[in-house]
1. About the Cα centre, and with charges only on the beta carbon of Lys, Arg (+1) and Asp, Glu (-1), how big is the dipole of the chain? Nearest 20 debye, please.
2. Across the Cα atoms of region 329-402, what radius of gyration and what greatest pairwise Cα-Cα distance (Dmax) are found, in Å?
3. Can you tell me the relative contact order of region 302-445? Whole percent, Cα pairs under 8 Å, sequence separation 6 or more.
4. Below 14 Å, Cα to Cα, which aspartates and glutamates can residue 230 reach? Residues fewer than 8 away in the same chain don't count.
5. To test your reading of the geometry: what angle, between 0 and 90 degrees and rounded to tens, separates the Cα axis of helix 151-171 from the longest principal axis of the chain?
6. From the cross-link list 92/147; 540/635; 365/400; 364/391, which pairs have alpha carbons spaced over 18 Å apart?
7. Using only DSSP helix segments of four residues or longer, with each worth -39500 (n - 2.57), what per-residue ellipticity at 222 nm results for the chain after dividing by its residue count and rounding to 500?
8. List, in the order given, every pair from 53/505; 605/639; 474/521; 211/530; 511/645; 623/645 whose Cα-Cα distance in the structure shown is over 22 Å.
Amino acid sequence: MKRNYRSKKVIPFINRVDRDRVVNQRSLVQQARMLTPAGFMVEMWDETDWVVKSGRLVNESSKKNTRATLSFRFSKNLGGNPLPEMWGDIAKALVLIRYHRSNQTMSNQRQFVKAFSYIAQVAISSGITPERVNHEVLDSACMMISKHYQVSTAYNMHKAVAEVASNFDANGLAVTVFDYKYSRMRRPETSGGTSGLRLDDPKAKDYISDKLIPMDVMRCIGELYLSVPKNHKYRQYVLMLSLFAILGRRFSEISLIPLQHVSQDREGFSFLYYFPRKTSKGNKVSPKERVYLPSDAVELVKDIVSEAQDVSRAPRDTAIAMRLNKGPDLNFLHAYMHKDRIYKEDLVELGLNSQLLSGNAWLKKNGLTYADHEKLNSQGKKPPHPMRYTKVEHLIDYLKKDFSASLLEPLFIDDSRKKYYLQDLMFVRFQGLSSGAYASWLSTYITHAMFSRFIGSYLSELVSQFCQHELKSKFTSHQFRHTINTLVDEGGMSDALQTEWFGRKNLADTKAYQHTTREQKILAIMDLAKEGNIGGVISKELKKVPVERQDAFLKARIKGVHDVGVGICVHSFSQNSCERHLQCSAQCRDFVWVKDDTDRVDEVKRQYAMTIVAQETALQAEKSGKGRYSSDWVKHNNKKIVTLKEELGDMGVAEFDPVQYLKGVSS
C-alpha cells in the first residue's frame, strides 16, 4: 500500500535512546510515572480508570466540570476490556507526556487512547508485541477505525495513530521506523455545496447550505434586541446572539470575551479583544487577538458591549466577593449572623426559597432543620404542626454546597502573564438552581449547555412574546460562523484575509466555512459579464460574440471562481495547472475583475506600484547588459502594468502616482 511521509514533530522524551526497544519502553514508562501534573496522583497509575478532579483536563472550554474520567481500555467497538500489560503502560505514559507537553482536552485524550487501542488490538490478534509493531499493523488499525467511525471522527483518530507512530519513532519503542501517515486519511468534505449540477439547473442558483443561519432567525434576533426589556432574565442571551450574528466567533470566544470597551487602532479601525479558543483546547497561556468590527456595526457593538457590562454588574460584584472570600458571597447574611434560629420569614427577607425548611429541601433531607414547639404563628396562636427553623451555620452549609473552587481559578493567562478571572468576563450570570431560581451568592460564566438549553427550550417562547414574526428554524451557535464566513466570501474578501479575521491558522480550514457553491459563484460572474460590469480579456471577447451565443460562450470560458487579490481567476484547476504560474495580471485570458469593486483598489495600487519599481530595475539591468533575462522581465512587467492600469481606471482611479504611493506607505 502506498504511504505518505511526514516530517518528525515529536522530540524524544527519554534521556537516552537504547538499541534495545524493550529497554526504551521501560525507560519511557519509568520517566512518565515521575510526572505528577495537576489533577493526577502517583497511585492512579495501576488503575484502569483514572479520575481527574482538577487541572486543565477538567476545565474544558465553555464547560463547567468538577471531575473527569479517562479509561485505558479498548474501544467499546472492540469489547471495552482494559489494555493489557505493557500496552496499557505505554498508553498511560504517552497520555501523561501529551498532557505535559501540549494542551489537549479530556475528550481529545480519550480519542487518543481509543486510537491506541486499535493498534494494540491488531497487534495482539497477530501475536505482535509493541516493539515489533510495523506499518501493516498501523494500516490495519486505521482501516478498522474507518469501518467503526464516521468520517470526521475517523479523521481525528487517524491523526492520533500517526502521533503514536511519531512517539514510537522519537523514543525508539519499535524496531521499525514509521515516519507514518495513513495514505487514505483525508480531511472530511465539510464545505457543503452541490457538485455536478448543470448551470441551467434551477437548483444551482437556489441551493442554500443547511449550515447557514436561516433569514427568519436573523430577523427574530434583531427584533429581540430591540424589544426585550433590559431587565429581562434572558437579556444576556439576546446580547450574545447579537454578537454571534455580527462577529461569527466561536461560542467560547463570545461567552468568555474579556470585559472591555470597543477600542481603536492608530488608523481609526474599531476592534474588540478576544481569546481564540477551540473546544479541542484547554486553558493555557495565549495572546489576546483583535477582531475588527464591520464599519456599519461599530455603533451597535458599542451599545451591546455597554449594556452587557450593566447587565452583568451584580453577578460580577458577586464574583469579586467570591474571590475575596474563597467561597460564596455571604455578605447578605451579615445581619443574621448573630441569630440562633433562622425561620421561614427570615428566608423570605433574605431572598431565599421559603420552602428550604420543609418537604424534600436539602436542609430537611440532611436533618438540619428543627421543630420549635413554642413558636407562634402570625395570628399569635400555636400552629397544628410546629414551625421549623435552622441554624446559621447550617444555612451557610447549604449556600456552600453548589460552590466550585474552579470558579476562582484563572480562565485565561495572556502573553503578558496577566490572569483573567470570572469577574473579568463581559458575560457573567448568577448560578441557576434545580428549583429554577438563581443563587445570588454564586456567579458563573455561561456554558455551552446553558446557551443550548436557552435556544432549544426558551427562545421560541421569547420570540412569540416579543416578535411579530414566527421562529420556524432550529440553529446552533456555530452556524453563525459558517454564515458570516460565507457572506464575507461572497462579498469578495480574500481567503487569506478570511483566515486571519476568523482567527484560524490554516488557510484550508477556511474552505470548510464557505458555502457559496461553485455553480453560484460562476452564475454571479456570468451575470456581471452580460451586464458589462467585468473587465479583462473575457469581457473584450464577449463583445464580439452574438447575443444569442453569449451564454454558451461564458459557460465554456468560466470554469471556476478563485479570488486572487487583485481580481478573480476563472480557470479550472481540476482540468490543468496554471499556465502563467499565478501571474494573473500579466494579461491572462482567465483573469477578470469587477469594475466597481472598490474593496480591491488598495491591493491593485500596491501591485501596480511594485510592478513599476520592478520595471525600472529591469530596464536599468537591460541597459547595463548585466541582466541576462532582463528583456523577458521587461515584457512581462509591461503586460502587468497595462492590465493593472486598466483595472485602476475601471475602479474610478483616474490619476495615480506610484512613487508618491510607495513613499506614503514607507512613512
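1. About 1680 debye.
2. Rg, Dmax (Cα atoms, Å): 12.3, 37.
3. Values: 177 pairs, mean separation 44.0, N = 144.
The normalised contact order for region 302-445 reaches 31 percent.
4. Straight-line reach from residue 230, under 14 Å: 303, 307, 310.
5. 90 degrees
6. Working: 92/147 26 Å; 540/635 22 Å; 365/400 16 Å; 364/391 12 Å.
Checking Cα-Cα distances, 92/147; 540/635 exceed 18 Å.
7. Computed ellipticity for the chain at 222 nm equals -13000 deg cm²/dmol.
8. Working: 53/505 32 Å; 605/639 16 Å; 474/521 27 Å; 211/530 31 Å; 511/645 31 Å; 623/645 25 Å.
Listed pairs above 22 Å: 53/505; 474/521; 211/530; 511/645; 623/645.
No lab work stands behind these numbers, since they all come straight from the coordinates. A quick note: this is a predicted structure, and the numbers were derived from the prediction, not measured. Please note: Cβ atoms are built from the backbone with ideal geometry, for glycine as well, and neighbour counts cover all protein chains shown.
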